[in-house]
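Here is the structure we will look at, set down as structure tokens.
The values are calculated or read from the model by the stated rules, or taken from the named source; none is laboratory data. Fair warning: this is a prediction, and the values are worked out from it, not measured in the lab. Don't worry about glycine lacking a Cβ; one is built from the backbone with ideal geometry, like all the others, and counts go over all protein chains shown. Ligands, DNA and RNA are stripped out before the accessible areas are found, and what is left, the full protein with its side chains, is counted by its heavy atoms. Shrake-Rupley method; radii C 1.70, N 1.55, O 1.52, S 1.80 Å.
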Amino acid sequence: MLVDRLLITLAFLASGAYAQWLNFPTPGTPRLPNGKLNLAAPTPRALDGKPDLSGVWMHETTTVADVKRLFGNRFDGEIAGSIPGMEIGTQHKYAFDILLDFKPEESAMRPEGAELYRKRSAEDDPANVCGDPAGFPSAGLLSEPIKIVQSPKLTIVLYEVDNLHRQIFTDGRALPKEFELPAYLGYSAGHWERDTLVVQTAGFNDKTVLDWVGHIHSDALRISERFQRRDFGHMDIETTFDDPKIYTRPFTIKVPYNLLPDADIFEMFCNENEKDRAHLRKD
């Protein structure tokens, strides 16, 4: 099945989640009198007065029980064969299916989009375990954290998955009307609306998928994000997808993130010690 092949592909990108530098507490982290972290402390502010989104963040996870409740037996094989560091229950529900919120009788895809989806699913090669990158937003919904580095004119989002990164320009520029070099993760420009960072991303190629089941997108995809840090340890990211070539209408997902104090992300190389490609074949 396509789901099995995509999950295997992503699994071999994994290293240990929640990577930490040993015995190095993050400076400036508020703590309670008993020494425990105070993640409910007020949102930190940058020198320009904006909320500081910097830090290592992990999305809310979907438990094995909830995976079964939401998807039935679709992922039983993955649950039974979980890989250390990539166990089912360490991902977010939208990593499995970005269209989860649509009712079964609703069709989110245009007929031509559904046909292209079926065609690409049939052509998928499970041996391509270190092929195209996980893509966006998938890279931020898997078993690994992300890291945000914020400055007044540029914010960087670093993904532990596949060593990916995004640049969000907040220097007043707007996205161009045409893109000469479509990119895997697109091009992003942002601005602040009070305490919310609003980001527009476009200029995608069509080589990545949006989730494990392989929902596709076209080069017309535009993504809008709203980053809001509620307090010191909690952030919400609301993401709206608009791809008129593939989908009948825009759709939105909302994902809570939790701060991982005293942690960091590590480098990841899929081909390092990769021994499984020879044993995978297309059915």
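Looking only at the stretch 66-78, residues that are more than 15 Å from residue 213 (Cα to Cα), exposed (fewer than 15 other Cβ atoms within 10 Å of the Cβ) and free of Cβ contacts under 8 Å to residues at least 24 places away in the same chain come to 1 in all. Summed over the stretch 80-91, the residues that are touching a helix residue (DSSP H, G or I) at 6+ places or on another chain (Cβ under 6 Å) and open to solvent by 30 Å² or more (accessible area, probe 1.4 Å) give a count of 1.
For the stretch 31-65, enumerate the residues that are open to solvent by 60 Å² or more (accessible area, probe 1.4 Å), touching a strand residue (DSSP E or B) at 6+ places or on another chain (Cβ under 8 Å) and within 30 Å of residue 75 (Cα to Cα). Once the filter is applied, which keeps residues that are open to solvent by 60 Å² or more (accessible area, probe 1.4 Å), touching a strand residue (DSSP E or B) at 6+ places or on another chain (Cβ under 8 Å) and within 30 Å of residue 75 (Cα to Cα), the stretch 31-65 yields only 60.
Condition test on residue 39, is it assigned to a loop (DSSP other than H, G, I, E, B) and under 21 Å from the mean Cα position of the chain (by Cα)? No; evaluated as a whole, the condition is false for this residue. Of the helices (runs of 4 or more DSSP H) entirely within the stretch 46-141, none holds at least 1 residues that are closer than 30 Å to residue 30 by Cβ.
Scanning the stretch 92-109 turns up no residue that is of a type in the set (A, V, I, L, M) and over 26 Å from residue 226 (Cβ atoms). Just to be sure before I move on: is residue 100 within 21 Å of the chain's Cα centre (by Cα) and modelled with pLDDT of 80 or more in the structure I sent? Yes: the conditions hold for residue 100.
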